[in-house]
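The values are calculated or read from the model by the stated rules, or taken from the named source; none is laboratory data. These numbers were taken from a predicted model, which means no experiment stands behind them. Cβ: placed from backbone, ideal geometry, glycine included. Neighbour counts: every protein chain shown. With ligands, DNA and RNA removed, areas are computed over all heavy atoms of the protein, side chains included. Shrake-Rupley method; radii C 1.70, N 1.55, O 1.52, S 1.80 Å.
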Amino acid sequence: MATPRPRVGLFVTCLADMFRPEVAFASVKLLELAGFDVEVPRRQTCCGQPAFNSGDREDSAAIARQTIEAFDGFEYVVGPSGSCIGMLHHYPELFADNDPWHQRAVQLKARAFEITSFLSEHLDPQRLSGSFSGKVTYHDSCSGLRELGIKRQPRELLSNMPGVQLCEMEEAETCCGFGGTFCVKYPDISNRMVSNKSDNIRATGAELLLGGDLGCLLNMAGKLKRDGVSVEARHVVEVLADMLDTPPIGAEKRA
Amino acid sequence: MEVRSPEFKQAARIALQDANLQQALGNLKAGFPGKRAAAVARLPEFDQLRDQARDLKNHILEHLDLYLEEFERNVTANGGTVHWCRSADDARRTILDICRAQGAKTVTKGKSMVSEEIGLNDYLEAHGVTPVETDLGEYILQLRGDHPSHIVAPAIHLTLNDVATAFHEHHKRPRSDDPAVLMQEAREMLRKQFVAADVGITGANFLIAETGSTIICTNEGNGDLTQTLPKTHIVVSSIEKVVPTLEDMTLFLRLLARSATGQEFTVYNTLSSGPRRPGDQDGPEQFHVVLVDNGRSDMVGTELQEMLRCIRCSACMNHCPVYGAVGGQTYGWVYPGPMGSVLTPQMVGIENAGLLPNASTFCGKCEEVCPVRIPLPKLMRHWRDREFEQHLSPAGVRYGLKFWSFFARRPALYRWFAGSGNWVLRLLAGKKGRLGKLPLAGGWTDHRDLPAPSGKTFMQQWEARNR
Ligand code: SF4
């Protein structure tokens, strides 16, 4: 009998669930390619970040407990977002040191990984094969970059795909202005930030914008569309998993 | 200074449309961050120094009382006087009393954010003492009746054209747009004031406990004239600026200039250790240190204690995309940018300054560059917690959040909720794949399209597949 494959619990993230299920399917495909059994616990919802960043500690803690329970027993918890996984890493802050939930939160944190950083550790890059060919540019989303140190990992994975030509943009590490509820609470400032981003994206001459966080991608894609810029946007896992049948983010449905 | 932080949103809208301001902010963005990065790259141990500085500051804050008392002892031994001021009002009055005792009519001032914090200029003026700012940026602002928009480069929100106009109006000379000519003009105007002043007021970057000295770091040398020419020198500073030794001070000096302007070292680093001694060629006859608390000691022992590590380098605002978009005056009080968003609620009340800690995407750039590693996003979140606790956040936000978390805390309901939202959005978007307008989502759709869901929710599709 073959040894059982290690189990990964997929943290879908609410934006992938609601707006772009392909991102979660691509994550499943890549994790299976890397040799894991993937399960999707039904008791997960959102990571709780909207509550956490709005000062609502009580709801954040309740959602954290629910998430911790949902992912009990998995060797790894992997999700396609630096921001949401970053939030899972904040869970210990929600509980006093002597609260038993604190220890469980610490344990979850140790097992929770953003997808590109997880794949860069566990996936043999030789196994990646993609049909995409063309110029892409990569936006480093803030939480992934600064809380989880994600910078090199997606680029390394992409470098194994012969058709992908990466053109870095100016200020790739500057916030796109999404910021969760920030973009609707301070729409004018957010607009300035995403306008700057859109200009920097356009200047690269890339045809496709990639990133690791759907919040930022929805923001940037929405701006590119509004400005009539022809650069398309996808989550990086769609390219890595070669799941390109769905139209890019916010693009017209194919007939 | 009047607190205008409650008008942050309107001020931001105006700032974003102010072409002149945007040009000035563009200069800032093109200047400081690149210079800092180059200076950091030239010093391989920079990050190690940051760790040391953080640890040393933490140590100082644990023993703040001891170091401040040592500082006072040594100032006194040098012949100076320390004045302990709990509030801004105490500090203002103390300074006015010293000025009055000297019969002072005019006082020259070096750049000092603490003096802005306590609203010193207006107060002195109202009581018959004329303050004259001698830092070039502050001088320009004073001519214009304006306030600093930045803690290191106070007039950074102005363009050359603004300065030329202000000088032309006030100096009554032919208008010039040549920076060298403008500089010369300012020099001539200020020179007279330096000689006429009865009292010189400066801030301090650090207070050195072991010697009872204060230090100012400037690039113009105006501070030196401010503190050596008048008979009386008043240093106005705040309690967290104390460091144990001169050696410790140098650690911070190495970080300060690099983080602020990308210089290896500030041009003038001037130590003051008491009044003129017998045999000294120059120096003031009296030396006063006005130590301002103004809410700081209340931060000790709380989550906000970390904010007291701040050395006022300005790196956080220089790198902040929100500050870079709206400029410092939009924040509506003395301290702008990320450090201001933490300090202002402490000093003017969260009920007045609640918009500031919320005006952040938590991108974390400020924390990334802060030389003393202050977790600024975490501290801004601290204020959001307090705001929520005290029911100060807007009702719409609170109810919206409660509505959302009702579902987020119930997975089965949440799946239904997500499925319904997903269905509605797809229906509204049709084949277009995105929405240009959506009721109640104007904050989003005024400026950008909303990409529509690409299909049913993942949970719906996953369950269908794995049934
Ligand atoms: S918070 Fe940090 S980066 Fe900002 S001014 Fe203070 S020391 Fe400098």
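Tell me which residues, restricted to the stretch B:367-388, are within 15 Å of the ligand (Cβ to nearest atom) and either part of a loop (DSSP other than H, G, I, E, B) or open to solvent by less than 10 Å² (accessible area, probe 1.4 Å) (or both). The answer is B:Val369, B:Cys370, B:Pro371, B:Val372, B:Arg373, B:Ile374, B:Pro375, B:Leu376, B:Leu379, B:Met380.
The helices (runs of 4 or more DSSP H) found entirely in the stretch B:391-467 that carry 1 or more residues being among the hydroxyl-bearing types (Ser, Thr, Tyr) and within 20 Å of A:Gly215 (Cβ to Cβ) are B:395-408, B:411-429, B:442-445.
Is it the case that the stretch B:235-242 has a residue that's of a type outside the set (Gly, Ala, Ser) and either surrounded by fewer than 21 Cβ atoms within 10 Å (Cβ to Cβ) or at pLDDT below 95 (or both)?
no
For the stretch B:319-329, a tally of residues being away from every other protein chain (no Cβ under 13 Å) and within 13 Å of the ligand (Cβ to nearest atom) returns 1. With respect to the conditions (1) acidic (Asp, Glu); (2) under 24 Å from B:Ile151 (Cβ atoms); (3) surrounded by 17 or more Cβ atoms within 10 Å (Cβ to Cβ), B:Glu72 falls short on a single one, namely (2).
Of all residues in the stretch A:1-36, those satisfying the criterion of being among the basic types (Lys, Arg) and open to solvent by 30 Å² or more (accessible area, probe 1.4 Å) are A:Arg5, A:Arg7, A:Lys29.
Exactly one residue out of B:Gly332, B:Gly337 is more than 16 Å from the ligand (Cβ to nearest atom) and on the phi > 0 side of the Ramachandran plot, and it is B:Gly332. When the stretch B:26-48 is limited to residues that are without any contact (Cβ under 8 Å) to a residue 60 or more places away in the chain and within 18 Å of B:Cys320 (Cα to Cα), the one that is surrounded by the fewest Cβ atoms within 10 Å (Cβ to Cβ) turns out to be B:Ala30. Picking from residues in the stretch A:195-247 that are among the acidic types (Asp, Glu) and farther than 16 Å from A:Met161 by Cβ, the one that is nearest to the other protein chains (Cβ to nearest Cβ) is A:Asp227.
The residues of the stretch A:48-63 that are assigned to a helix (DSSP H, G or I) and at the interface with chain B (Cβ under 7 Å from one of its Cβ atoms), listed by number, are A:Pro50, A:Ala51, A:Arg57, A:Asp59, A:Ala62, A:Ile63.
Residues that are buried (at least 18 other Cβ atoms within 10 Å of the Cβ) and at the interface with chain A (Cβ under 7 Å from one of its Cβ atoms) within the stretch B:412-437 comprise B:Tyr414, B:Ala418, B:Asn422, B:Gly433, B:Arg434, listed in sequence order.
Listed here are the residues, each with its yes/no results for (1) away from chain A (no Cβ under 11 Å); (2) of a type in the set (S, T, N, Q); (3) within 9 Å of the ligand (Cβ to nearest atom); (4) crowded, with 24+ Cβ neighbours inside 10 Å.
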site: B:Gln286; (1), (2), (3), (4): yes, yes, no, no
site: B:Gly301; (1), (2), (3), (4): yes, no, no, no
site: B:Met317; (1), (2), (3), (4): yes, no, yes, yes
site: B:Cys363; (1), (2), (3), (4): no, no, no, yes
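Go through the stretch A:157-175 residue by residue and tally those that are of a type in the set (Ser, Thr, Tyr) and open to solvent by 60 Å² or more (accessible area, probe 1.4 Å). Qualifying residue count, the stretch A:157-175: 1. Put simply, of B:Arg312, B:Arg296, B:Arg276 the only residue that is within 26 Å of B:Leu253 (Cα to Cα), more than 14 Å from chain A (Cβ to nearest Cβ), within 16 Å of the ligand (Cβ to nearest atom) and free of Cβ contacts under 8 Å to residues at least 60 places away in the same chain is B:Arg296. Residues of the stretch B:348-361 that are within 15 Å of the ligand (Cβ to nearest atom) and either of a type in the set (Phe, Trp, Tyr) or assigned to a helix (DSSP H, G or I) (or both): B:Leu356, B:Pro357. Of all residues in the stretch B:1-18 being within 11 Å of chain A (Cβ to nearest Cβ) and aliphatic (A, V, I, L, M), which is nearest to A:Arg192 (Cα to Cα)? Once the filter is applied, the top-ranked residue is B:Leu16. Restricting attention to the stretch A:67-112, the residues that are open to solvent by 10 Å² or more (accessible area, probe 1.4 Å) and within 27 Å of A:Pro4 (Cβ to Cβ) total 14. Taken over the stretch A:128-154, the residue count meeting the criterion of being more than 13 Å from the chain's Cα centre (by Cα), of a type in the set (D, E, K, R) and under 19 Å from A:Lys197 (Cα atoms) is 2.
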